[in-house]
1. What is the spin-label model distance, in nm, from B:M74 to B:T20 if the labels are put 7 Å beyond Cα along the C-beta direction?
2. Trypsin sites (Lys or Arg not before Pro) within segment B:86-138: which are DSSP loop residues with at most 10 other Cβ atoms inside 10 Å?
3. Going by average Cβ density within 10 Å per residue, which order do the peptides A:170-177, A:182-189 take, highest to lowest?
4. Quick one: length gained pulling A:K226 to A:K275 fully straight, 0.36 nm per residue minus the C-alpha distance?
5. Could you pull out every residue, at least 5 positions away or on a different chain, whose amide H is within less than 5 Å of the one on B:G252? Hs are placed 1.01 Å off N in the peptide plane, and Pro or chain starts have none.
6. What's the buried accessible area, both sides, between B and A using a 1.4 Å probe, rounded to 100 Å²?
7. So what is the relative contact order of segment B:116-334, in percent, for Cα pairs below 8 Å that sit 6 or more residues apart?
8. Check each of the chymotrypsin sites (Phe, Trp or Tyr not before Pro) in segment A:23-63 and keep only those in coil by DSSP with at most 15 other C-beta atoms within 10 angstrom; list them in order.
Amino acid sequence: MPVLPRSADVNDTDEYCPVCKSSRYLNPNIRFLIEPSCYHKMCGSCVDRLFSGGPANCPVAGCHARLRHNRFRTQTFTDIAVEREVDARRRISKIFNKRAEEFKTPREWDDYLESIEDITFSLIQGTKEEKAAAEKKLNDYEEENRDEIRKNAQRAAAERKAIQAKEKAIQDATRLAREHAQKELKEELEEQEERKRRQLQAMESGDLKAVEDVKKEFQARAERRKREAASEAARMRAMKIGQEMALQALIDAPKLEEDEVEEVWEPLGKGVSDKSEFYELGLPWPGNDWVDNYVSRPEVSAGGYSKDEYYERCLFEAFAGLTVIVGQSDTSAKTDEVGRTDVRIVDPS
Amino acid sequence: MDTPTLSVSADADAPVMLLTGDIARFNDETRDKYTKGQKIGEGTYAVVFKGHEKVTGRPVAIKKIKISSADDGMSLDSLREIKHLQELHHENIIELLDIFVGKRHNIHVVLEHLAGDLEGIIRDTKNFLFGSSEIKSWMAMSLRGLWWCHINGVLHRDIKPNNLLYTTNGVLKLADFGLARNFGEPGEVRMTAQVITRWYRPPELFFGARSYSSAVDVFSLGLVFAELIKRVPLLAGDSDVGQLQLIARTLGTPTESNWPGVSKLPSYVIPNADDVKPEADRAFYRMNFFSISQSGQDLMRFMLRLDPRKRISCRQALESEWFKEEPLPTKPENLPIKKDKEALEKVGQDLKRRAGFDERMDGGDLDVGNRGSKVARRLDFGAM
């Protein structure tokens, strides 16, 4: 029975494991794995045998790389050099993840790309010393720019997500548009059919006026349909513009996850304070006979009426709106029209 | 024949509002900012529609207020709601976005769109399980909203779970200001005692107090707090008298000793004269609300004190140790919200989004950093 090759690039029955010498000819299910420290190939059973007890040295003579079981994976490219380069580039691109927008001139961006390319080259093709130097440069850079790297990575992830969302929205939209168009076409055909039928009926009856009426009615209907379609299209355009802007905003400014700082409980919420820059209520207030007399009545005080609340409110209202200058700025004038928001808060929203 | 209602003339007695000049233009501009969608609810005073802000596509709720010319025109409730919401801007209070007059001279109030109310979550014991950290978060948000009302001199007077709404991000908002009013002035102006849904009404209102304070809202919120833990209303009376008896039996009988001056209130009675109980103490809360910590039980006890003067204020409640200790309040975005409703919304949006009519909405303009084609481009190995 012929054995189907596991994949197009390893169809060679002569291929054998350099460690245990078992070959595909004897064991058709053999899997070859590599570890991205030294890229020496070996079979799955060798990996299990040698490394399930923990990290060990590479069994290939002369190679002293320390390998770990969980880092073994199948090879993507037949050519190990390509595999190696792609790995190196992947690693570098995760560290050097600045974006073109972060540079002032295209020239600086190009220089940056070139410096990356230099490091990549020496890491892949360089001599031992060059490799070590490149490695050091890479680590130093990562150490220095840790925060920025993380932020850029998050931004990229958010962008991918936003783009996926946009693509999905587009798909949905086209699907719905198609359905809508089909529905409309069907309706139009039905209307034509009806028109024909009605016209024939009218002609059969020999009533010229009826024929004319039918004609008029359907003209009116056609016009109405046209109008509706136009307004529908306008509505769609407005919606579409809104949606596009929203999605674009999502792409433009992906929300970065804030640093996980220890949350401090702020009783009134972030950035809200109840201190006024104009006054401070010193309770208990010395009193005002009129208010005191009212509040001292038992049916008033037992109901919970509080003079402190009244005084506080008086003070608040006295100073409310003081900093508002109408007409100075549109937005502030709008929120402060009633003069309640400006004195106490820095509104968080 | 001319029908008088249709003739929009400059008649001063016309029942409709006539807008002219700049105001009319401004009104039209506001109206054109929104699209009105399907009806999502109808009450005595208003019909609520779903809508969208055209520019941003964000959903809104458009409340069309019914004006009956047979009665006194616009209902007082809607007037109160508009009046107070115009003044209160806070993260935990429903946002009034715009007001405009429609084509048929109805007043439309544009409110932010909210996903659901707390009652739905409390009642749905099958699908929603939550612990003290979620309750802490909800309590903190509602206390903040209520604090903002009180500091601005507004009594909400209808705090209950189905007036506590949440956004799709889980942020809780106080809504329904139909019964709200400003704090009473000292003097002969009296407030009505016939407010607040019965199950959440504090004892002083049952005794007919006409001068009361922000403490009434705190009591209601205290009962919501208890309900969040028990998942059933703590005090569900079937009549006003029954409700008062229930309060007396559960939280203690209001007497002169625990509430000085209470017997002077207009309609004071001892609801359970044969079985006078002392005010509920720490042991009562420990026994009934063992699932939250001691400081949480204390907070609830202070919110549910019989004597309104002894009740804690929102500001003081927010300073409670309970909010500071572990587990910390859940972040709003991680709070449970009704998913099925959200899914429904999604469908609704899908249907509306027949947007890409002309199929130009392709990804052609996706290239974000449009820095010109002369700049070198990198292969994206990072995404592999």
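1. Result: 2.1 nm between the two label points.
2. Values: sites: B:K103, B:R104, B:R123, B:K126, B:K136; in loops: B:K103, B:R104, B:K126.
Hits after loop and neighbour filter: B:K103, B:R104, B:K126.
3. Details: A:170-177: 17.1, A:182-189: 10.8.
Listed from highest to lowest mean packing, they are A:170-177, A:182-189.
4. Residue separation times 0.36 nm, minus the Cα-Cα distance, leaves 11.6 nm.
5. The list, which skips near neighbours in sequence, is B:A280.
6. Working: alone 21630 and 26390 Å², together 41020 Å².
The summed interface area works out to 7000 Å².
7. On the way: 333 pairs, mean separation 53.6, N = 219.
Across segment B:116-334, relative contact order equals 24 percent.
8. Numbers: sites: A:Y25, A:F32, A:Y39, A:F51; in loops: A:Y25, A:Y39.
Loop-located and lightly packed - A:Y25.
The values are calculated or read from the model by the stated rules, or taken from the named source; none is laboratory data. None of the values given here were measured: they were computed from a predicted structure. We place every Cβ from the backbone using ideal geometry, glycine too, and count neighbours over all the protein chains shown. Only protein heavy atoms, including side chains, enter the accessible area calculation; ligands, DNA and RNA are left aside. Shrake-Rupley method; radii C 1.70, N 1.55, O 1.52, S 1.80 Å.
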